[in-house]
Structures are given as structure tokens and as C-alpha cells.
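Report on the following structure.
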Amino acid sequence: MAVLENLEPKKVFQFFEEICQIPHGTFDMDRISDYCAKFAKDRGLRYIQDEVKNVIIFKPGTAGYEDSEPVILQGHMDMVCEKTPDSDHDFKKDPLDLYIEDGYIRARNTTLGGDDGIAVAMAMALLDSDDIPHPPIEAVFTVDEETGMGGAIGVDLSVLKGHKLINIDSEEEGILTTGCAGGIRITTEIPVTKEEKSGACVKLEIKGLKGGHSGAEIHEQRGNAHKLMGRLLHRISEEMDFRLADIKGGSKENVIAMDNTANIVVDGADAEKAVAVAAKMKAVYENEFMGDEPGLTVTAEVTGEGSYQVFDKASTDRIVAYLIINPYGVQGFSRKLEGLTESSINIGVMMTKEDVVETAYLMRSSVESLKQNMRIQIEEYAKLIGAKTTIDSEYPAWQYDPDSELRKVMEDVYKKLYGKAPEVFAVHAGLECGMFLGKRSDLDCVSMGPNMCDIHSFNEKLDIASTERTWNYLKAVLAALK
């Protein structure tokens, strides 16, 4: 029996559960893209599956809406793949293990992919229906949104006739998103020189942090494991001489790093002192977070004694200094919209390669000049330690349009349904609308969605009742766009 079989709206949850059975992490798009294409083919709907695996499905308007302007419904097919440290889930082959708890849908020990599988499921439910009034629909399902927005970059929007675009990639019911930050993904390669050193190897681990979306949760001041590890290493350096052997952690540049592991080599007589420093720093962090990071663990373990390949002293000092001085977190709040994060920087990934330590960042801002200034900051920090920087991708901000016809219709429908006005807001997270508007400035975009919590983390959950209300709202909006 399907886990979501008895939930309403039945079709939405049916398609969502089907999506959850197909591996669809970012850059692993072939199977989910083929599923969407087959969905259209089985129903005799015209579709386009492009070279990068985006899928666009077309459906005529229902009776009375045949000559209406098409409405574009849009969501992305990929999900962020995160799991608990003890999970053996393989995102390349295993279906998500869904369960229902306290009115929410969750996936056992992993992310759920409600961001943005629920958008695809809602669009499919409309495309599959024969009794829901709607204008012609142009459903656009993009790939690889979570890292680089590759689908939005590659999609050909000239095939679309519609001008009104409803993006279903927001995570708060009752909020119409009408603007978002732009972003830059940048990597640094910090050079290291290696040598042999004899001594005791101590494994340092920081894990159990909440993590989360670097746009949606960055203002909550959640712990970043890379920054915490930098402080721990610096504190150890005040007590003893050591060399880094390797350092790694995090999963994606748009995810607040939940873990970092570093192996250091110290004189044998100093090994237990290093373990004691880690214990003291755990107490420091707990005092600072005041209960906001209840899962945080900081451990140090002596794993052996012998001769090891390590970074030399200059390379070790370089990495520690970089972790201490590089910026992280909110860099400024909006001067126009109270409470909106304007600019932020997230160091998401660290990994040790042959002769470099690589870091990956995502910086966001709704102000283009400030976005570029953060890029300059990272580049200048990197220069100080002889590191190389590379911009991996960049996307524009989506500016609020005071004359949006679509927003006005969606506001009116919301008032009729709920007797109150929706919130109209901009978000700090990046949305594909900005990329689409860069391709077609004539688009009128609004983003919406049901309540979701802790996206991009293994605590992610989707509100069932909110999903039903959002579905009913979407249907009412489509009926009003005649």
C-alpha cells in the first residue's frame, strides 16, 4: 500500500510519492526527466524534452478557456540529497522512505525533496485532470536548480506563448514571493605543500549541526561546521605545534555545513592535550548557541602513532588563518523590507585534494553591487594566502514589479478564499524566476507554495494540510485567469 494513498489531494500526493521512488538528486536527472516525458506521452500531451533534460508539457485550456492566454507553471525536478550520519541510504538507487508524522510528510533519515517535487506533482495533477477549469497550461520542469540553475540557464523559453508564470518553489503558505536575491557560486583552491611528520594522529570531528538552506535559514545564525573547525584548530595551535593531514566537510555550497572532519598530527606527548582542547571548545560552542544546536558534537580521537603525510607548517597556518578570516552568514539586511536578509555568504564545502584544499561558496544579495563586493571580498582573502578563485556560476536578482497583473489576481483570489490579504514578500533564497526574466523580460512572475520546514536538511518535512490548501488556491487562481 502506498504511504500517501489516503491523503488529499489524492492525485497530488500520488504523483509526489511516485517522484519519491525515483532517484533525482541534482545532476542525476535522466530518470526523473524520462518519467515526466513518459507522463506526457502516455496522456497524449505535446511535450519537449531538451538536451539538458528539461521537460515542457503543453495542455489546451478546458471548456470556456480555449482562447485564454496560456499560464506557465514551473518547478524544478532535482532535490538536495542530505542524510543523517548513520544512514546507509544511497541516493543514486534507493527510493525515499516516506512516513507521516504529526501532520507532516517526512523521509526517514534523509531529505524529502518537497523542494521541489511538490511543484512537479501539483502540475502533473492539473495536466492529468479532466474536470479542473484552467487556461492552456505550459508546465516547465527544470533540472539542476539546486546547484547552478543549469536547467534555467539551458531552457528555451521562446517556445512558450504565456507571459504569466507561477513558480511553485516557495516554502511558506500565504506568502506571494515577488522577488529574490541573485547569487554567485565561487570556489577557492588554497595551495598546500606536503611533507612527512612523525607523531600521533588526532581525528577531529564536528557534526550534528542543523544545517539547512543557505538562503532560507542563514538569518537564523545556524552553526557552520567549517567555521567552528577553524576556531578549534586555531585554539589547538595556541597550545601546541601541529600539522594538518587533511580536512573536509559539507555537501553543497547552498547548504549550511553540518559536518567537518580534520586529521592533525601532533607530538605524542601532546595528543591527549589536543583531545582536552576539543572538549573545552565543545563547551564554548554550546554556551554560544544557547541550545539552538542541540545535536552538535565535537570529538577528538587519537587514531594512531607513526609517520604521516601532512601539510607543512606554512600550509597548515594558511588553512587555519583562512578559516578564521573568511566571512560567513548574514552580511546585511534590507533597508526597504523589514526582516529580509539582503546579503549573505555561505562556505558550504571543503575538500582536500592532491596539492590544494578546495572550498565552495554561495553568496547572495538582492543588490547587485553588494553581490559583486562580496565576490571581491572572497577574491581578496584568497589573494592574501596565494589561493586561486573561480566563479562557477552566477544568476541575477529578481526585482519586484509593482505593476504585476498576476500578483493582483493572486491577491484577489486569496482574499476571496481566506478573507484576508496574503503577504507579498521577497526572499533571500535564489529562484529560477530571476534567470527566466533575464531571458524574457516580458514575463510576469509570482512564486508560491505550501509550508515546508528545514529544507536541504534531513529534518525536511512537508505540511499535509497546507499542501491541500495551496492546491485549492492554485486551482482557484487558474480559474480566475480566464
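The figures follow:
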quantity: Histogram of C-alpha separations across segment 201-287, 10 Å bin width, %; calculated: 17, 47, 26, 9, 1
quantity: Answer label, with Cα Rg over 2.2 N^0.38 Å calculated from the coordinates and candidates (i) 1.10; (ii) 1.05; (iii) 0.93; calculated: (ii)
quantity: Centre separation in Å (Cα based) which lies between segment 185-222 and segment 271-349; calculated: 7 Å
quantity: Heavy-atom accessible area order for Arg46, Arg407, largest first, 1.4 Å probe; calculated: Arg46, Arg407
quantity: Nearest-0.05 FRET efficiency for Ala283 and Asp355, computed from C-beta distance (R0 45 Å); calculated: 0.80
quantity: On Cα atoms only, tilt of 271-289 relative to the major axis of the chain in degrees; calculated: 40 degrees
quantity: Segment 1-107: C-alpha gyration tensor shape, a/c 1.5 cut-off, then a/b vs b/c; calculated: oblate
quantity: Shape category assigned to segment 79-200 from the gyration tensor of Cα positions, a/c cut at 1.5; calculated: oblate
quantity: Net length gained if the chain between Phe333 and Lys388 were fully extended (0.36 nm per residue, minus Cα distance); calculated: 16.8 nm
quantity: Within the chain, longest stretch clear of exposed GluC sites (Glu not before Pro) (DSSP loop, no more than 12 other Cβ within 10 Å); calculated: 67-237
quantity: Pair Arg108, Lys92: separation of 7 Å Cα→Cβ label points (nm); calculated: 2.3 nm
quantity: Qualifying trypsin sites (Lys or Arg not before Pro) in segment 350-379, DSSP loop, other Cβ atoms within 10 Å at most 14; calculated: Lys353
quantity: Principal-axis tilt of helix 368-384 within the chain, Cα atoms, nearest 10 degrees; calculated: 20 degrees
quantity: Residues Asp401 and Glu380, FRET efficiency given R0 of 41 Å [Cβ-Cβ distance, rounded to 0.05]; calculated: 0.70
quantity: Isotropically averaged projected area of segment 266-346, using the convex hull of Cα atoms (one quarter of hull area), nm²; calculated: 8.0 nm²
quantity: Helix 405-418 axis, angle to the chain major axis (alpha carbon atoms, nearest 10°); calculated: 80 degrees
quantity: Whole-Å semi-axes of the ellipsoid equivalent to segment 149-257 (Cα gyration tensor, √5λ, descending); calculated: 42, 19, 10
quantity: DSSP-assigned coil residues among trypsin sites (Lys or Arg not before Pro) in segment 75-107, each with at most 16 further Cβ atoms within 10 Å; calculated: Lys92, Lys93
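The values are calculated or read from the model by the stated rules, or taken from the named source; none is laboratory data. Here the structure is a predicted model, which is why all the values come from computation and not from measurement. Methodologically, a virtual Cβ is constructed for each residue, glycine included, from the backbone with ideal geometry; neighbour enumeration extends over all protein chains shown. The area values use the complete protein model at the heavy-atom level, side chains included, leaving out ligands, DNA and RNA. Shrake-Rupley method; radii C 1.70, N 1.55, O 1.52, S 1.80 Å.
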